[in-house]
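Q: Mind having a look at this structure? Questions to follow.
The values are calculated or read from the model by the stated rules, or taken from the named source; none is laboratory data. Keep in mind it's a predicted model, so treat the numbers as computed, not measured. Note that each Cβ is placed from the backbone with ideal geometry, even for glycine, and that neighbours are counted across all protein chains shown.
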Amino acid sequence: MIESPRDDVAFVCKIASQLYDRGWMPGTAGNISILQSDKSAFAVTASGRDKGELVESDVVIASVEDGAAVEGAHAPSAESAIHAAIYRCTSAKAVIHVHSPYATALSCRSDQGITTVDIAEYELSKGLGHLESSLVPTFPNWPDVSRIATDLAGYFSGLPQSPPPAMLIRRHGVTVWADTLRQAKNRLECIEGIAQLELLTGTASHVQISI
Ligand SMILES: [Zn+2]
């Protein structure tokens, strides 16, 4: 039996409900996960569930290796492969992915390939912790989600500095990570706020990179 602390699961459901109420998880969009203490698996919201009405059985266990189901009554989110890649590539212990409007709109300014937005000028960037790099990447929204995870892992492996704890997926949404789920939620609010400012001030500009 793989560990699945009930407090963690209840907290995932609570945060999902809050983000759903904000309109950041419309329909069944978005997913939330918490890394388990042995770091081999993570608890993640199941695929296709209404995030405003999650119950404990809607949180399942997936492998850090590839995001595949390990345990649970339902299939894990289709985007679990991205969560798994983040857990493999960073020291994250919690990940949130949503379709919040401003971050998603900012991702639409990215035209092709992998691009970055520099968030260094924003006071809100301090809410993301100490940043070695202030370049938030945007990745193509491949229909095969595992390809997004592969892009992310390749990008991270080639970086000289740790990336900020956030990424965008073009015309899709935003993903953030942190040491705790509460901290991830705070960081998500900061990224959404920065994206709003980028769009309001008209300064939103992506720089294309090659890896
Ligand atoms: Zn999504």
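Q: Please enumerate the residues belonging to region 90-108 that are within 13 Å of the chain's Cα centre (by Cα) and more than 13 Å from the ligand (Cβ to nearest atom).
A: Across region 90-108, the qualifying residues are Thr90, Ala92, Lys93, Ala94.
Q: Have a look at Asp50, Asp58 and point out the one that is within 16 Å of the ligand (Cβ to nearest atom) and over 28 Å from Val136 (Cβ atoms).
A: Every option except Asp50 fails the conditions.
Q: Look at Ile114 and say whether it is of a type in the set (Val, Ile, Thr), more than 16 Å from the ligand (Cβ to nearest atom), under 22 Å from Tyr20 (Cα atoms) and touching a residue at least 40 places away in the same chain (Cβ under 8 Å).
A: Considered against the rule, which asks whether it is of a type in the set (Val, Ile, Thr), more than 16 Å from the ligand (Cβ to nearest atom), under 22 Å from Tyr20 (Cα atoms) and touching a residue at least 40 places away in the same chain (Cβ under 8 Å), Ile114 comes out as no.
Q: Could you tell me which numbered condition Pro101 fails, if it satisfies all but one of (1) under 24 Å from Arg147 (Cβ atoms); (2) at pLDDT 95 or above?
A: (1)
Q: What are the pairs, 6+ residues apart or on separate chains, where a residue within region 21-37 that is within 17 Å of Ala69 (Cα to Cα) has its Cβ under 6 Å from a residue that is within 14 Å of the ligand (Cβ to nearest atom) and of a type in the set (D, E, K, R)?
A: Asn31/Glu79
Q: Within region 31-84, work out how many residues are farther than 21 Å from Asp7 by Cβ and of a type outside the set (S, T, N, Q).
A: The qualifying residues number 13.
Q: Can you name the residue in region 116-128 that is within 21 Å of Ile169 (Cβ to Cβ) and out of contact with any helix residue (DSSP H, G or I) (no Cβ under 6 Å at 6 or more places or on another chain) and, of all such residues, is surrounded by the most Cβ atoms within 10 Å (Cβ to Cβ)?
A: Result: Val117.
Q: I'd like the residue in region 129-159 that is acidic (Asp, Glu) and surrounded by fewer than 16 Cβ atoms within 10 Å (Cβ to Cβ) and, out of all such residues, is nearest to Ala85 (Cα to Cα).
A: Asp144
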